[in-house]
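*Asks:* Provided herewith is a single structure, encoded as structure tokens, for subsequent inquiry.
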Amino acid sequence: MRFFILLCLVHSSALAQSKFTISGYVKDAANGEALIGATIYVKSLNTGATTNVYGFYSITLESRAYDIDISYIGFATQSKLLVLNENTRLDVELKAEGKQLEAVVVSSTRDEEGVKALEMSTNRLDIKTILKIPAFLGEADVVKSLLQLPGVSTVGEGASGFNVRGGSVGQNLILLDEATVYNSSHLLGFFSVFNPDAVKDTKLYKGAIPAQFGGRISSLLDVRMKEGNNKDYEINGGVGTIFSRASVEGPLFKGDGSFIVAGRRSYADILARPFVDVLKDGGALNFYDFTGKANYNINKRNRIFVSGYTGRDIFFFDRNQGFSWGNNTGTIRWNKIFNDRLFANFSGIFSRYDYSLQFGENDRDNFRWKSSIRNITFKPSFSYFLNTNNEISFGAEVNYYSFEPANAFGTSNGNRIDISLPEKYNLESALYLGNNQHLSPKTSIEYGLRYSYFAGYGPGKQFTYNDTIPGRRRNPIAEESISKGETTATYHNFEPRFSFKTELSDVSSVKASYTRMAQYLHLISNTTASNPLDVWTPTSNNIKPELADQWALGYFRNFGKEQTFEFSVEAYYRKTQNQIDYIDGADLLINEYLEGDLLTGVGRAYGMEFYLQKKVGRFTGWVAYTIARTELKVEGINRNEWYAARFDQTHNLKITSFYDLNKRWSASANFTLVSGTPSTFPTSRYMVQGMLIPYNALDSRNNVRLPAYHRLDLSFRLEGKTVKRNGNARKNSDYWVFGVYNLYARKNPFSIYFTQGKDRVTQGDPINSEARQLSIIGTVIPSVSYNFKF
């Protein structure tokens, strides 16, 4: 890598005689925040560049005069006449447009970007749009907003995480300022860990993932935090139905830096404590999180960032019994501009997820269990702007993992029994190289290669299991002790990436992509929805890395007066290897021989995503429809035939709309209609001593679908007055949000199970049995929240 950096520096110097470079940052004039994806357009050449995730850009051109437009959707475009006769640093601050020109932004950085951009299978949600979407209990939520996009789904209300193009929750890589978030949910899935007051940009990759990212086979959610207002001090916050939040941001070092600190805390247990006996006895039902970030411009070529997050959910039934879980992350980054064409970022990252469970009324009889996964990451990344037609990216990534499957013990009558499992240690590393290339003004390609390596290390144990009938538990037949630092299983994979775009006209284009991904960490869960006690386990001698190959083809078009409508359709097909499923009756928790209960097979996911968006005007919004299938084939399950995955949904329709009633009132609505998810029902039954025993005689898996899910949400937003009674403008601003979740009280099924009466039945009499439906939310939920800024 040192040689490649030196080569870039030498090449930049060699070209300096005939060409010069324009480079710099594009920021928000109001607060100094970097604008991600802003466009720098050279009119005479019909070409340009976009800013990276730090707001930096670079263009190399022949020496002469140019008219340049700098634009970002929702901001006024700046036009500059530039005579280029030397390398030029051009930092630009854009001013926001008036409210009447604001756009609802999902995937565009400028009006025609959905057609012009090379990216496909990618959605970017602007934080202003997230704040407008109707939400549960009136609280804006990053992850729940993603569910309104095509190709994104969940198995039901109260389910943690999300599913993308047929992938499981554990197959999504979720990053907060580059740090991995292993569990993105608060309150068992009703809220996410991302405080909207601290979020600047949210980007979801469903495919066509660049070579610098890896580690999961389904999707990448890249969440970037605000840097903080470097112009003035600012306080934001809100008081809602279930929690309150507040953030403070402002300048540091006389404007050379800035900071933001944000926090949230739910208070359902505080309000209910006088009325609920369990809460009076030390019970708790709450969550909290704190987010912080600071940055400092050392000089024009060097900038450092420090950011972090800590959050926790607490569910305690009394002082001694309950469970909790939480995430902790920290990121240190150094932006370095080596020259006008070579931009680098060096990141040191820490991430940890842990949970604990305890019960027992005293010290003599109890149970305690703690588990965690943590990783330390170093990630150097480089962007070399070779010329206006080529942007080369290269870098490396090193992750060191420590797994604590179970630090557990039980105490019975004062006798303590340790049932802990040994820790596991792993190293995952990667090198990558990619190029974004413009072949012509209308045709572009991006290609790259990622090489990943994974290894396990001692101390620990390694088991060998017997062969048996597929679908049955495998038992260990050999055990090997691994010394500290000794290597166990090792794996490596080449992961090529390729994307293509060609414009059919000024308003339409065709795009295609191929992505290969490898995943070395596995989320072990056989419940209907992911839960906080699910187990993360690494690839080993018995568990191979999951592999996925995805192909996608899309058509994109803008139409209507002033191109205010955007339409796209994408078809995708993904095949996967080494997919994990479980034997019937698998024991997944605190099981030293867990690998013997796992089965592996192949998978396939395919579908089409339709998307129509109106971006500007009093009435805006989008319609997203996905038709798709997700299937698995595992030896020992479903008679070795293909079966639907638990999160398979054939039809998925989402309608999101916004309407400005007047200058102060606006309304928004969501409608969701989704096919029911698969479930396994018994196909027969038998009776033992008057008890009815359900039985799956056909050995089928996910053989029945639950009823369809549908729901309508509404919200109304009232902006505070902008002018005082004396006619002077208010320095602060505020607004109210009034919402209704599940407007027509639909009882959507989360699961269906079977029961029989409690009384024993006399022999010969019929047995009464019934199917019962579990609905997490089966009623209308109103909400009100007050939000402020000053």
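*Asks:* Which of the residues that make up segment 255-282 are at pLDDT 90 or above and not polar (S, T, N, Q)?
*Replies:* Result: ASP256, GLY257, PHE259, ILE260, VAL261, ALA262, GLY263, ARG264, ARG265.
*Asks:* Here is a list: LEU188, LEU204. Which entry is modelled with pLDDT under 90 and either touching a His at 6+ places or on another chain (Cβ under 7 Å) or outside any loop (DSSP other than H, G, I, E, B) (or both)?
*Replies:* Checking each option against the conditions leaves just LEU188.
*Asks:* Would it be correct to say that PHE610 is modelled with pLDDT under 95 and either in contact with a strand residue (DSSP E or B) (Cβ under 6 Å, 6 or more places away or on another chain) or at positive phi (or both)?
*Replies:* Answer is no for this residue.
*Asks:* On the given criteria, is GLY74 crowded, with 16+ Cβ neighbours inside 10 Å, small (Gly, Ala, Ser), more than 30 Å from LEU433 (Cα to Cα) and at pLDDT below 90?
*Replies:* Taking the combined requirement at face value, the residue satisfies it.
*Asks:* Would a scan of segment 390-402 turn up a residue that is in contact (Cβ under 8 Å) with a residue 40 or more places away in the chain, closer than 14 Å to GLY434 by Cα and surrounded by fewer than 18 Cβ atoms within 10 Å (Cβ to Cβ)?
*Replies:* Yes, that holds for at least one residue.
*Asks:* Sort through ARG730, ARG717, ARG711 and tell me the only one that's under 30 Å from GLN773 (Cα atoms) and in contact with a Lys or Arg (Cβ under 9 Å, 6 or more places away or on another chain).
*Replies:* The match here is ARG711.
*Asks:* Then there's this: Mind checking which residues of segment 703-714 are open to solvent by less than 30 Å² (accessible area, probe 1.4 Å) and either more than 30 Å from ALA645 (Cα to Cα) or not in a strand (DSSP E or B) (or both)?
*Replies:* LEU706
*Asks:* Restricted to segment 187-244, and to residues that are open to solvent by less than 10 Å² (accessible area, probe 1.4 Å) and of a type in the set (Phe, Trp, Tyr), which residue is farthest from ARG604 (Cα to Cα)?
*Replies:* Among them, the one singled out is PHE243.
*Asks:* Need the failing condition index for TRP622 against (1) within 30 Å of SER356 (Cα to Cα); (2) open to solvent by less than 60 Å² (accessible area, probe 1.4 Å), just the number.
*Replies:* It is condition (1) that TRP622 fails.
*Asks:* While we're here: Which count do you get for residues in segment 464-482 that are within 24 Å of ILE637 (Cα to Cα) and not in a loop (DSSP other than H, G, I, E, B)?
*Replies:* 4
*Asks:* Shifting gears a bit: For segment 508-529, check the following and say yes or no: at least one residue is open to solvent by 70 Å² or more (accessible area, probe 1.4 Å), farther than 22 Å from SER219 by Cα and out of contact with any Pro (no Cβ under 8 Å at 6 or more places or on another chain).
*Replies:* no
*Asks:* Among the residues of segment 487-523, which ones are assigned to a strand (DSSP E or B) and of a type in the set (Val, Ile, Thr)?
*Replies:* Within segment 487-523, THR487, THR488, THR490, THR502, VAL510, THR515 qualify.
*Asks:* Among the residues of segment 715-755 satisfying the criterion of being assigned to a loop (DSSP other than H, G, I, E, B) and within 30 Å of ASN526 (Cβ to Cβ), which is modelled with the lowest pLDDT?
*Replies:* PHE750
*Asks:* Related question: Could you say whether any residue in segment 550-572 is under 20 Å from the mean Cα position of the chain (by Cα), crowded, with 21+ Cβ neighbours inside 10 Å and of a type in the set (A, V, I, L, M, F, W, C)?
*Replies:* Looking through segment 550-572, none of the residues is under 20 Å from the mean Cα position of the chain (by Cα), crowded, with 21+ Cβ neighbours inside 10 Å and of a type in the set (A, V, I, L, M, F, W, C).
*Asks:* List the residue pairs whose Cβ atoms are under 7 Å apart, where the first residue sits in segment 252-269 and is in the same structural domain as VAL306 (by TED's automatic domain parsing), the second is open to solvent by 20 Å² or more (accessible area, probe 1.4 Å) and of a type in the set (Phe, Trp, Tyr), and the two are 6 or more positions apart or on different chains.
*Replies:* LEU252/PHE259; LEU252/TYR296; PHE253/TYR296; ASP256/TYR296; GLY257/TYR296; GLY263/PHE290; ARG264/TYR288; ARG265/TYR288
*Asks:* Only one of GLY603, GLY596, GLY617 is in contact (Cβ under 8 Å) with a residue 40 or more places away in the chain, open to solvent by less than 20 Å² (accessible area, probe 1.4 Å), over 21 Å from ASN696 (Cβ atoms) and over 27 Å from the mean Cα position of the chain (by Cα); which?
*Replies:* Exactly one of GLY603, GLY596, GLY617 is in contact (Cβ under 8 Å) with a residue 40 or more places away in the chain, open to solvent by less than 20 Å² (accessible area, probe 1.4 Å), over 21 Å from ASN696 (Cβ atoms) and over 27 Å from the mean Cα position of the chain (by Cα), namely GLY596.
*Asks:* What are the residues in segment 245-272 that are assigned to a strand (DSSP E or B), open to solvent by 40 Å² or more (accessible area, probe 1.4 Å) and of a type in the set (Lys, Arg), if any?
*Replies:* The one that is assigned to a strand (DSSP E or B), open to solvent by 40 Å² or more (accessible area, probe 1.4 Å) and of a type in the set (Lys, Arg): ARG265.
*Asks:* Within the bounds of segment 316-326, is there any residue that is acidic (Asp, Glu) and open to solvent by less than 20 Å² (accessible area, probe 1.4 Å)?
*Replies:* No, segment 316-326 contains no residue that is acidic (Asp, Glu) and open to solvent by less than 20 Å² (accessible area, probe 1.4 Å).
*Asks:* Look through segment 1-52, keep the residues that are in a loop (DSSP other than H, G, I, E, B) and open to solvent by 50 Å² or more (accessible area, probe 1.4 Å), and return whichever of them is modelled with the lowest pLDDT.
*Replies:* Result: GLN17.
*Asks:* Which count do you get for residues in segment 23-37 that are among the polar types (S, T, N, Q) and closer than 15 Å to VAL199 by Cα?
*Replies:* Final tally of qualifying residues: 1.
*Asks:* Does ASN787 qualify as being open to solvent by less than 80 Å² (accessible area, probe 1.4 Å), assigned to a loop (DSSP other than H, G, I, E, B), at pLDDT 80 or above and not assigned by TED's automatic domain parsing to the domain that holds GLU234?
*Replies:* Here the answer is no, as ASN787 does not meet what is asked.
*Asks:* Hey, another quick one. Test VAL152 against the criterion of being over 21 Å from LEU523 (Cα atoms) and out of contact with any Ser or Thr (no Cβ under 7 Å at 6 or more places or on another chain), and give yes or no.
*Replies:* So VAL152 fails the test.
*Asks:* Give the residue that is surrounded by the fewest Cβ atoms within 10 Å (Cβ to Cβ), with candidates limited to residues of segment 626-650 that are touching a residue at least 40 places away in the same chain (Cβ under 8 Å) and assigned to a strand (DSSP E or B).
*Replies:* Checking each candidate, the answer is ARG629.
*Asks:* Considering GLY585, GLY603, which residue is in the same structural domain as ILE445 (by TED's automatic domain parsing), closer than 25 Å to GLU641 by Cβ and not in a loop (DSSP other than H, G, I, E, B)?
*Replies:* GLY603
*Asks:* Do you know which residues across segment 149-185 are small (Gly, Ala, Ser), farther than 30 Å from PHE305 by Cβ and not in a strand (DSSP E or B)?
*Replies:* Once the filter is applied, which keeps residues that are small (Gly, Ala, Ser), farther than 30 Å from PHE305 by Cβ and not in a strand (DSSP E or B), segment 149-185 yields GLY151, GLY156, GLY158, ALA159, GLY166, GLY167, SER168.
The values are calculated or read from the model by the stated rules, or taken from the named source; none is laboratory data. Computed from a prediction, not measured in an experiment: that's the story for all the values here. Cβ: placed from backbone, ideal geometry, glycine included. Neighbour counts: every protein chain shown. When the accessible area is computed, the model is the full protein with side chains, heavy atoms only, and any ligands, DNA or RNA have been set aside. Shrake-Rupley method; radii C 1.70, N 1.55, O 1.52, S 1.80 Å.
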